[in-house]
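Notes for the one structure printed next.
The values are calculated or read from the model by the stated rules, or taken from the named source; none is laboratory data. Here the structure is a predicted model, which is why all the values come from computation and not from measurement. No Cβ is skipped: glycine too gets one built from the backbone with ideal geometry, and neighbour counts run over all protein chains shown.
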Amino acid sequence: MDSLTDHIHTISDRVLCLQAIDAYEKKLFSPDFTVPESEYASLIEAFISDKKEKEVAIKDLRTTLMTMPVLRLTLAFTPTKEFIAQLATTLRNTAAKRNTVVEITTDPSIVAGLQLSDSGKLIDLSLEKKVGQVDIGSVVKKYFHFV
Amino acid sequence: MFELTPVLIYETFIIVIATAAIVAFSIFYFRLLKGYNKLRLDHEKLEKELDEYGNVIAASSKEHIQKLVAHSQELSDELKTQLASLLEQQAQKEAGAYSDVVAKIGKELSAESKEQVQEFAISLQKEVKETEEEVSGKISALYDTTATEVGKMHEDAQKEIEAMKAAVRTELEKHIYEIVQDVVKQSTGKLLSQEDHEGIVLEALQSSMQVHGLNQNV
């Protein structure tokens, strides 16, 4: 299952994977049914091919996917698919939380960096926050001696 | 542009007071001259009149003598001569006495004129001194008042400057943060490439995990 979940980084990926699982499940009961080709079709097939109880395996897979924790990320730019994979992998490895998926939102107002939200807790690693931490008053006094 | 400063107002007041003093002195001086001239003319007129009167008296005395001499034809020549001599002596004596009187009156008149002029000069001096003191007093009072007012204006100006500084400080602090934010957003938004963004994100994650222990929060 890890080989499958390793390919699921975002919520969108999860949705596509679940759709593929539904298709495979349908095929179990309708052998004539053709599973649509997708990135996850081959992975699912490889996962369930050596399973005796395929239905149970599919059910477990579906449950695993649905219960994957969601990390909400806010970025100042639109990331590429490769970067999302890199980000998700980094988060999984360093956060010691495997099987997490990320939900990415783009917000240019954070300027750069990212904001992380998990179960209501916010970790602000944005450049906007760093600028806000600067003591503007002391900078002003440094250049405007008359105030 | 012409600016009405406290120093300018003060200097204008000084000039006005000094001008008034000069005008007053000029008036008194002309009055003095006028008075002196009048006295001098009166004195000359009086002397002239006295001289004329003296001449008239002397002429009259001579006439009397001649008459007496003419009327005394019956007397002897000697007596006539003696009488003439006596009468002449008397006439001379009277004329001399009269000219003494004239001279004395003239002296008295000069002394009187002198005295009057001197009195006038003393009176004028006194008036000038009083005026000087009055003007000096007014200038001192004006100076004190102006100095106090200028001091107060300076104090008020200082307070206004401090209040303005505080207002500028408040306004700057209110807007400078917004300005910096705006500049950073505009500059970094335009300058950062996709790679730069990706690098910043990964770096932020790494440092946050090192500092805060991201695995504890996520």
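Things to note:
- When the test is whether a residue is away from chain A (no Cβ under 14 Å), modelled with pLDDT of 85 or more and within 30 Å of residue B:38 (Cβ to Cβ), residue B:133 passes it.
- Restricting the stretch A:110-127 to residues that are over 19 Å from residue A:12 (Cβ atoms) and within 7 Å of another protein chain (Cβ to nearest Cβ), the residue that is surrounded by the fewest Cβ atoms within 10 Å (Cβ to Cβ): A:121
- With respect to the stated conditions, residue B:42 is under 21 Å from residue B:115 (Cβ atoms), assigned to a helix (DSSP H, G or I) and among the charged types (D, E, K, R).
- Counting the residues of the stretch A:39-96 that are crowded, with 19+ Cβ neighbours inside 10 Å, within 14 Å of chain B (Cβ to nearest Cβ), farther than 16 Å from residue A:11 by Cβ and of a type in the set (A, V, I, L, M) gives 2.
- All positions within the stretch A:98-116 that are on the phi < 0 side of the Ramachandran plot and under 12 Å from the mean Cα position of the chain (by Cα): A:98, A:100, A:101, A:102, A:103, A:104, A:105, A:116
- Residue B:173 being at pLDDT 80 or above, more than 15 Å from residue A:129 (Cα to Cα) and in a helix (DSSP H, G or I): no
- Within the stretch A:53-100, being within 30 Å of residue A:29 (Cα to Cα) and at pLDDT below 85 holds for A:53, A:54, A:55, A:99.
- Selected residue (only one of B:5, B:19 is farther than 30 Å from residue B:96 by Cβ and modelled with pLDDT of 85 or more): B:19
- Reported count of residues in the stretch A:17-38, each being out of contact with any Pro (no Cβ under 9 Å at 6 or more places or on another chain), surrounded by fewer than 16 Cβ atoms within 10 Å (Cβ to Cβ) and under 20 Å from residue A:88 (Cβ atoms), is 1.
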